[in-house]
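The values are calculated or read from the model by the stated rules, or taken from the named source; none is laboratory data. All values reported here derive from a predicted model rather than from experimental measurement. Cβ: placed from backbone, ideal geometry, glycine included. Neighbour counts: every protein chain shown. Each accessible area value is taken on the protein alone, full model and side chains, heavy atoms only, with ligands, DNA and RNA left out. Shrake-Rupley method; radii C 1.70, N 1.55, O 1.52, S 1.80 Å.
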Amino acid sequence: MNIFRLAGDMTHLISVLVLLLKIYATKSCSGISLKTQELYAIVFLARYLDFFTDFISLYNSVMKVVFIGSSLAIVWCMRYHRVVRRSYDRELDTFRYWILVAACAILALVLHEKFTVQEVFWAFSIYLEAVSILPQLVLLQRSGNVDNLTGQYVFFLGAYRAFYILNWIYRYLTEQHFTRWISCVSGLVQTALYADFFYYYFISWKNNAKLQLPA
C-alpha cells in the first residue's frame, strides 16, 4: 500500500465519521440525501462480494466491514430512527436514482475487465460510486445553505477520490501490470462532479463565511 491509497482510505473514513457525528450528535439528517446513502450501500455490498471468499489483509477486511456497516447504519437511521427521520428533506431529495442504478448495471455488463459475476459486480460498483454523489449535490443546490458538518462530509468524500487518482497514477508508474482503467476513468468522472462544490467550499473557507451553493 502506498501513501496515496492510505490517505484516500483515511479521508473516506473521516467523511463517514463526520456524517455519523452529524446524525448522532444532532439527531438530524437535514441536508443529507438518503438516495445517495442508499446508493453507497449498494456500492459497498456489490464491491465486497469477495469478503467471505478472498482474504487480502486484516486491514482490507476491517475497512470492508466498516464501510458496509456504516452505510447500512446511516440508511437505517434516516429511514427508521424515530427522531432522525423527521428531519429528512424528502421534498428536496427527489433525484430519480434508479436511473443511475440501471445505467451502471447495463454499462457493467458491457464494459468490464473479465466476464465473471464478481468482476461484473465490481465494475458496477465502480461506475455507480462515480455518480452516487449526484443526489446529494442536487439536494444541496436546492437548499442553498449548507451546514458545517454536511459541507465537511461532502468535502472529505470528494478528497478521498482525489487521493485515489494519485494512487492510481503512482501505481501505473511503479507497477508493471497495473490495468485498472475502469477505476481511473470513473475516478476522474467522480472527482469532476465535485469541482463546483470544491470551488464554493474554498471561497467560503477563504472568506470565513457560511458555505452557500447557487440554486
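Going toward the positive end of the dipole of the stretch 58-102, with +1 on Lys and Arg Cβ and -1 on Asp and Glu Cβ, which of Leu58, Val83, Ala102 do you reach last? It is Val83, whose Cα lies furthest towards the positive end. If each residue of separation counts as 0.36 nm, what is the full-extension length gain between Lys64 and Thr174 once their alpha-carbon separation is subtracted? This chain segment gains 37.0 nm when fully extended. Each Lys and Arg contributes +1 and each Asp and Glu -1, all at the Cβ; summed about the Cα centre of the stretch 86-144, the dipole is approximately 160 debye.
Highest mobility in the GNM of the chain, judged by mean-square fluctuation with C-alpha springs under 10 Å and restricted to Val117, Val131, Val43, is found for Val117. Cross-link pairs exceeding 23 Å in C-alpha to C-alpha distance, out of Lys27/Lys210; Lys35/Lys64; Lys35/Lys206, comprise Lys35/Lys206.
Among the chymotrypsin sites (Phe, Trp or Tyr not before Pro) in the stretch 95-130, those placed in a DSSP loop whose Cβ has at most 14 other Cβ atoms within 10 Å are Phe115.
Dividing the convex hull volume of the alpha carbon atoms of the stretch 32-98 by its residue count gives 88 Å³ per residue. Quick one: Debye curve from the C-alpha atoms of the chain, no solvent, what's log10 I(q)/I(0) at q = 0.08, 0.09, 0.10, 0.13 Å⁻¹? The Debye formula, applied to the Cα set alone, gives -0.28, -0.36, -0.44, -0.76. Of the solvent-accessible surface of the chain, computed with a 1.4 Å probe and all protein chains present, 66% belongs to carbon and sulfur. Here the stretch 154-215 yields Rg over Rh of 1.13, to two decimals, using C-alpha coordinates and the Kirkwood radius. From helices alone, the chain scores -23500 deg cm²/dmol at 222 nm; the rule is -39500 (n - 2.57) for each run of n ≥ 4 DSSP H residues, then divide by the residue total.
Membrane-span-like helices of the chain, defined as complete DSSP H segments with a Cα extent of 27 Å or more along the helix axis and a mean Kyte hydropathy of at least -1.0, are identified as 3-26, 58-80, 148-174.
Expressed as a whole number of Å, what is the distance separating the alpha-carbon centroids of the stretch 15-49 and the stretch 104-166? Cα centroid of the stretch 104-166 versus Cα centroid of the stretch 15-49: 12 Å apart.
Across the options Val117, Leu149, Phe178, the greatest Cα extent toward the positive end of the charge dipole of the stretch 107-215 (unit charges at beta carbon of Lys, Arg, Asp, Glu) belongs to Leu149. Straight-line cross-link reach from Lys22 at under 12 Å between alpha-carbon atoms covers these aspartates and glutamates, not counting any fewer than eight positions away in the same chain: Asp147. Counting only Cβ charges, +1 for Lys and Arg and -1 for Asp and Glu, the dipole size of the stretch 43-180 around its Cα centre is about 360 debye.
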